[in-house]
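Remarks on the structure that follows.
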Amino acid sequence: MPDHREHGRTPIELKVDYKKLNSFFADYTKNISKGGTFIRTRKTLPIGTRFLFRLAVPGRAEPFELAGEVVHASAQGDEPGMGIRFVWADDRDRAEFEAIVEGLMQDALGPLVARKLLRKA
């Protein structure tokens, strides 16, 4: 299956907290890019749902509070979860977060591989 993602991604496990109706959930990412993330969960939200979530990033005292939109979801199969596209209201916040993601990619993959992935963007 071809990969149509706009941004290169890296496998990384980060804690994600979010609310669905009156319940709070804590799940983990499978991967992340500058454009979005994949959250591993069997408790998916409907496609098109916009929601707020907190993403804990190593080396940062407080988690990021982000807005996202569910672009694909499946509660079944070997890799249940939902693909989230980040939604930005402020370009400064987006730029700060993208710089953090680039650092995570370099730490996880090394500078050469990260640079190749980031050139895809």
Going residue by residue through region 32-53, is there one that turns out to be touching a residue at least 60 places away in the same chain (Cβ under 8 Å), under 16 Å from GLU13 (Cα atoms) and charged (D, E, K, R)?
yes
Got at least one residue in region 26-34 being touching a Phe, Trp or Tyr at 6+ places or on another chain (Cβ under 6 Å), at pLDDT below 95, not basic (Lys, Arg) and not in a helix (DSSP H, G or I)?
yes
Inside region 8-59, can you point out the residues that are under 19 Å from MET105 (Cα atoms) and among the acidic types (Asp, Glu)?
GLU13
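Just need a number here: residues in region 59-87 that are in contact with a helix residue (DSSP H, G or I) (Cβ under 9 Å, 6 or more places away or on another chain) and either in a strand (DSSP E or B) or surrounded by 14 or more Cβ atoms within 10 Å (Cβ to Cβ) (or both). Spell out how you get there, then give the answer.
The first filter runs over region 59-87 and keeps only residues in contact with a helix residue (DSSP H, G or I) (Cβ under 9 Å, 6 or more places away or on another chain), leaving 59-60, 64, 66, 86.
Right, trim to either in a strand (DSSP E or B) or surrounded by 14 or more Cβ atoms within 10 Å (Cβ to Cβ) (or both) and you get 64, 66, 86.
Residues that pass the stated criteria total 3.
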Restrict the check to region 89-108 and report whether at least one residue is surrounded by 15 or more Cβ atoms within 10 Å (Cβ to Cβ), aromatic (Phe, Trp, Tyr) and outside any helix (DSSP H, G or I).
no
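Any idea which of GLY77, GLY36, GLY59 is in contact with a strand residue (DSSP E or B) (Cβ under 6 Å, 6 or more places away or on another chain) and of a type in the set (Gly, Ala, Ser)?
Details: GLY77 fails: in contact with a strand residue (DSSP E or B) (Cβ under 6 Å, 6 or more places away or on another chain); GLY59 fails: in contact with a strand residue (DSSP E or B) (Cβ under 6 Å, 6 or more places away or on another chain).
Matching residue, one of GLY77, GLY36, GLY59: GLY36.
Go through SER23, SER33 for me and flag whichever is of a type outside the set (Asp, Glu) and under 18 Å from VAL87 (Cα atoms).
On the way: SER23 fails: under 18 Å from VAL87 (Cα atoms).
From the options SER23, SER33, the qualifying one is SER33.
The values are calculated or read from the model by the stated rules, or taken from the named source; none is laboratory data. It should be emphasised that the depicted structure is a prediction, and the values quoted were computed from it without experimental measurement. Note that we place each Cβ from the backbone using ideal geometry, even for glycine, and neighbour counts take in every protein chain shown.
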